[in-house]
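Below is one structure, written out as structure tokens; comments come after it.
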Amino acid sequence: MEKLIVIGNGMAGVACVEQILKHAPKFDITIFGDETHVNYNRILLSSVLAGEKEMDDITINGLDWYQSNSIGLRLGVRITGIDSAAKTVTGDDGSVTDYDKLLIATGSTPFIPPVPGAGKEGVFCFRNLDETKALLERAKPGIKAVVIGGGLLGLEAARGLQVQGADVTVVHLMDRLMERQLDPVGGLYLKRMIEDMNVKVLLNKSTTEILGNGHLEGLRFKDGETIDADLLVIAAGIRPNVELGRKAGLNVQRGIVVNDFMETSDPDIFAVGECVEHNGVVYGLVAPLYEQGKVLAATITGNRGPVYKGSISAAKLKIMGIDVYSAGFFDDTVAGVESIRYEDPAMGVYKKLVLKDGCLAGVILVGDVTDSHRYTEWLKSGADLSKDRKNLLFPGSSPDKGLDIAEISDAETICGCNGVTKGDIVSAVHAKGIQTLAQLKECTRASTGCGSCTSMCQSLLRAVVPEFEEERKKVLCGCVPFSQENLREMVRSQQLKSVQEILDIYGNGAGCEICKPALSYMVDMAWCGDHEEDRSARFINDRVHANIQRDGTFSVIPRMRGGVTTPAELRRIADVADKYNVPMVKVTGSQRIDLLGVKKEDLPKIWADLGMPSGQAYTKGVRMVKTCVGTTFCRFGTQDSITTGIELERRLENLFTPHKTKMAVVGCPRNCAESTVKDIGLVGQEGSWQVVVGGAAGKNVRKADLLITVEETADALRAAELFFQYYREQANYLERTYDFVERLGMEKIRKETVYAPPPVQEALLTRLAKAKALSKDAWSERDTPANPTQFVQIQPLETVAL
Amino acid sequence: MTWIRITEIANIPLREGRKVAVGPHEIAIFNMGDRFLAIQNQCPHGQGPLADGIVSGNSVVCPLHGWKTCLESGQVQRPKDLRECVRSYPVRVEDGIVLLQIEDRADAGGKPAERMCTA
Ligand SMILES: Cc1cc2nc3c(=O)[nH]c(=O)nc-3n(C[C@H](O)[C@H](O)[C@H](O)COP(=O)(O)OP(=O)(O)OC[C@H]3O[C@@H](n4cnc5c(N)ncnc54)[C@H](O)[C@@H]3O)c2cc1C
Ligand code: HEM
Ligand code: SF4
Ligand code: SF4
């Protein structure tokens, strides 16, 4: 068998090999890749950075694929030379391998503008998995991130960093964002959407110097201004990797030049992907590269015939909630070209169609891309649209999605990345009995690229396959089918400030007892007072600040910090119990006193008579800090647990958490107040404190994990606060700390709290302080009720004898 | 049959319920935004106060154990396929006042978990 060597284990190279395998097995194939990962979907690195996908989710072909197709894989080996006379390639591991046919698929490298300081620590590119990993490690809440480049890649990077909590600025050389895909008006609409996402945009900014002493500290621009930065991503364009082509003596211009059969100037060397130049054009999106791969596969396997005629570049921005699509040619200032436009500034929708000789030449869609596939089709087919002029911008929207799908012709492309048409999908469904999206992906590759056609593929399956099963993802609930992580992000980036708004825009408008309290918490967490508090979305306990009992009465537990009380308080409690005929007074498991069986109407009066704050015993919030007597009285005590416990409770009380948070402080490892089975515990020892988290003694019993050991009491309190705020921000609603620490792992938690860089720690504490400042004792509503009948029983205006 | 004047609409916040006792009837009235609905206040499962439940579309979820009841028909919707139901009452708003119509039926008066579902 002939030997085929492939240089580059990326998207185009491996896709081409897949095509070659579809022809008869002809080659003994070996692939060299200088990255250390199996073939993965580079496009989805944006989704990995934005936390929408895990790294493991983006593998296209795993090791088993290489094995079952008998493909030799040499990862981590960089090819440094080609000897086209001897027909060998040389690797940086010293290996020399001979070939019969050679395929160059080396892709491209990020272009680094020639500014001094680009080598500083803290400067990144965004091209491969390792760089994405490094970015994820670095991008933390509060960090200042700058992205150079306002194109597709730069904006997706900015969005990812912003999702990770960074404070992001995009710096762009040109006068508008995505100038290669958008006209000035489209650029303006996009800029507004990006800014609404809380990403700053600086246009017409030329960077002249990257500042800092070894470490990145900031940037200086041509106009003399500077900006601070802890992290810089350069996304200023790409350069094709053509060095090897030159070494092999091939015809190289901007890329390795190929003809319509994808042949280079050497009969045994072929090239595909971003490193290739065809007809003067170098492509930087996958759809064209896949088309090239199909042609190349035919040529190289001796089926020379199909030709590559160039592609129309169609680009879609992959940012959730920001819809931008652009294809073809859109400059309407040249002669013989006219454009049709539609604008709705309030909705942020801008559409522009560019026509030439009655045919579609280009499209820009911002804010609404639902019709993008139709336009792409018109672009490709070159259909004469003169007759339909009136309906071009609104091609008859039909409310029934199924109908929409039915209207699409079989030749229309559904998955632009992989060139899969509706006809391909329908015949695959019938021929192969496909029932799930996963099977469809496996069989046709549809929706395995950028993923923007996933919902179309699903609608299509729903329409064609009677027993179609939706993929189950972990969503909050059926009312708003998104993961909690997605929702948190949407609330923040879309500036959603009320539960009903989220339900109306992203959900079924109704909501239920599961999602409403969860969304309430998210909105409160994200906007912290600067939002519309909707009591109707809360459980009854949180409407009346007491715990509903099985008979519809309530229980009242006042706060008793550290479990310490006074004779005066005890007297008031006793008086209240008498005055309101409280059926039961009980000492609880959390070192405080419970008045059980109270009527709703009596709640505000009882709170007033008690003169004590709410113990939050009814809510997902800070419950209590139990303490032991510690050095105050105990003969074993080594730390002042009572004072420390009371201080901890004062600092955190009245705050809400994803689930209840129980704490304890003990003066020595005898652990009398059970710190090691609390959500947060402090354990005193000679000369230091252990801060432990994630303990539980409820339905589950779990010993808490050590977060850190510190000498000073102040540092112990600070560590507790850091973890507390981190849990508030990162945990899913109704996720107790014991599940939270297991999900994230203590390693990560330590790195992002007590071992985080000082600015990150400060940012956590600042957000905590802000929430604390806005919090209040819930029982103060006894004087200022949220609504006139919060506690009052309605009396009919007239009485009738029934 | 007469309409009974109950309370000003402002006394029932949007998407919340409030309990009112009219003679032997304990009724939960809900403000649905565009209209008001009323059903018997006791959940057929454990007599939970439905007025204190979370509204979910046209239903309410009992705060005690999560049974879901339709506010229009009074039919229990979760658990599924139960023939349980609560009574529902016609509601009308006039001059900013919520009015209820309570059919005076000797056999139904005051018994919790009345079974007179028509759905
Ligand atoms: C974050 C991100 C988002 C993107 N989003 C989209 C999108 O939404 N839509 C879209 O169409 N496109 C998108 N792209 C572009 C798309 O990923 C590329 O067009 C595509 O990956 C190019 O494929 P390729 O095989 O030519 O190059 P690559 O996928 O880069 O593969 C080349 C491989 O060869 C290796 N290599 C290079 N030189 C050597 C050597 N000498 N020896 C051994 N190995 C070598 C490289 O390390 C690399 O692994 C995106 C790109 C990025 C980075
Ligand atoms: C959504 C389905 C259900 C849920 C979530 C649920 C939940 C509960 C819970 C948590 C209790 C705890 C006891 C308490 O605190 O009072 C309870 C009690 C009870 N349940 Fe259910 N239950 C469901 C369905 C049913 C069904 C279908 C029946 C029978 C028709 C039933 C009959 C009972 C009875 C008899 C009790 C004891 C009542 C009491 O003493 O208060 N439950 N339920
Ligand atoms: S934990 Fe230690 S200090 Fe606290 S009461 Fe028990 S023995 Fe004393
Ligand atoms: S252990 Fe069970 S029954 Fe006892 S108080 Fe807790 S939840 Fe109620």
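Read the figures in this text as sums done on the coordinates, not as results from a lab. Keep in mind the model is a prediction, meaning the values are calculated, not measured. FYI the Cβ positions are ideal-geometry reconstructions off the backbone, even for glycines, and counts take in every protein chain you see.
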Cα-centre dipole for chain B with unit charges at Cβ (Lys and Arg positive, Asp and Glu negative), debye to 20
300
Would you kindly state how much longer the chain becomes between A:K497 and A:Q549 on full extension, computed as 0.36 nm times their sequence separation minus their alpha carbon distance, in nm to one decimal?
15.6 nm
So what's the net charge close to A:I43: Lys and Arg +1, Asp and Glu -1, counting the other residues with Cβ under 10 Å from its Cβ?
+1
What residues have an amide H closer than 5 Å to that of A:K53, excluding those fewer than 5 places away on the same chain, when H is modeled at 1.01 Å from N in the peptide plane?
A:V48
Provide the net charge surrounding A:P759, with neighbours chosen by a C-beta distance below 11 Å and charges set as Lys +1, Arg +1, Asp -1, Glu -1.
-2
Given charges of +1 on the Cβ of Lys and Arg and -1 on the Cβ of Asp and Glu, with all other atoms neutral, how large is the dipole of the stretch A:663-781 about its Cα centre, in debye to the nearest 20?
260
Skipping prolines and chain starts, which residues have an amide H placed within reach, meaning under 5 Å, of the one on A:I29, given they are 5 or more residues away or on another chain?
A:L4, A:G72
Expressed in angstrom and rounded, the centroid-to-centroid distance over alpha carbons for the stretch A:137-166 and the stretch A:478-522 is 24
Trypsin sites (Lys or Arg not before Pro) lying in DSSP loop within the stretch A:499-584, provided at most 11 other Cβ fall within 10 Å:
A:R550
Please build a GNM for chain B, connecting alpha carbons under 10 Å apart, and tell me which residue among B:E26, B:E16, B:E103 fluctuates the most.
B:E103
Packing-based ranking, highest mean first, of A:514-520, A:269-275, A:610-616 given that Cβ atoms within 10 Å are counted
A:269-275, A:514-520, A:610-616
Size of electric dipole in the stretch A:519-655: Cβ of Lys, Arg +1 and of Asp, Glu -1, about Cα centre, debye, nearest 20:
460
By count of other Cβ within 10 Å, fewest leading, how are B:M32, A:M525, A:M624 ordered?
B:M32, A:M525, A:M624
Between B:T7 and residues 5 or more places away or on another chain, the pairs with built amide H atoms under 5 Å apart involve A:L797, B:V98
Dividing the mean separation of Cα pairs under 8 Å (6+ apart) by the residue count of chain A yields a relative contact order in percent of 7
Under 12 Å Cα-Cα from A:K380, which aspartates and glutamates qualify once same-chain neighbours fewer than 8 residues away are excluded?
A:E412
Rounding to the nearest 10 and keeping the result within 0 to 90°, find how far the Cα-based axis of helix A:758-774 lies from the longest principal axis of chain A.
50
What list do you get for A:V89, A:V587, A:V257 if you sort them by fewest beta carbons within 10 Å?
A:V587, A:V257, A:V89
How much length is gained if the chain between A:D83 and A:L802 is pulled fully straight, taking 0.36 nm per residue apart and subtracting their Cα-Cα distance, in nm to one decimal?
248.5 nm
Two pseudo-spin positions, 7 Å from Cα along C-beta at A:E343 and at A:S206, lie apart in nanometres by 3.0
Separation of the B:L14 and A:D130 label points, Cα + 7 Å toward Cβ, nm
5.5
Can you tell which of B:L14, B:L99, B:L82 shows the greatest fluctuation in a Gaussian network model of chain B with Cα springs below 10 Å?
B:L82
In nm, spacing of pseudo-spin labels at A:F329 and A:A406 (7 Å Cα→C-beta vector):
3.9
Give me a comma-separated list of calculated 3J(HN,Hα) values for the stretch A:29-39, in order, Karplus coefficients 6.51, -1.76, 1.60 applied at θ = phi - 60°, integers in Hz, x for any Gly or Pro.
9, 10, 10, 9, x, 7, 7, 9, 10, 5, 4
Here the whole-number average of other chain Cβ atoms within 10 Å per Cβ of A:551-561 is 2
Linear extension gain, A:E467 paired with A:N198, 0.36 nm per residue minus alpha-carbon span
92.6 nm
Too long for a 25 Å Cα-Cα cut-off, among A:K53/B:K68; A:K22/A:K309; A:K662/A:K770; A:K351/A:K497; A:K626/A:K748; A:K660/A:K770, are A:K53/B:K68; A:K351/A:K497; A:K626/A:K748
Cut-off is 10 Å between beta-carbons; in what order do A:S339, A:S372 appear when sorted fewest neighbours first?
A:S339, A:S372
Helix-only [θ]222 nm of the protein assembly as shown, DSSP H runs n ≥ 4, -39500 (n - 2.57) each, per residue, nearest 500
-8000 deg cm²/dmol
Sparse-neighbourhood loop hits (GluC sites (Glu not before Pro), the stretch A:1-77; DSSP loop; Cβ within 10 Å at most 11 others) -> A:E54
Which of the listed residues, A:A158, A:T661, A:P240, is farthest toward the dipole's positive end in chain A, when Lys, Arg count +1 and Asp, Glu count -1 at the beta-carbon?
A:T661
Sites matching trypsin sites (Lys or Arg not before Pro) across the stretch A:288-323 that sit in DSSP coil, with at most 16 neighbouring C-beta atoms within 10 Å:
A:R304, A:K309
Karplus 3J(HN,Hα) series, Hz, for the stretch A:365-380 with 6.51 cos²θ - 1.76 cosθ + 1.60 (x for Gly, Pro)
10, 10, x, 7, 10, 4, 9, 4, 5, 5, 5, 4, 4, 4, 4, 5
Using θ = phi - 60° and Karplus 6.51 cos²θ - 1.76 cosθ + 1.60, couplings along the stretch A:677-693 (whole Hz; Gly, Pro as x)
10, 10, 4, 9, x, 10, 10, x, 8, 4, x, 7, 10, 9, 9, 10, 9
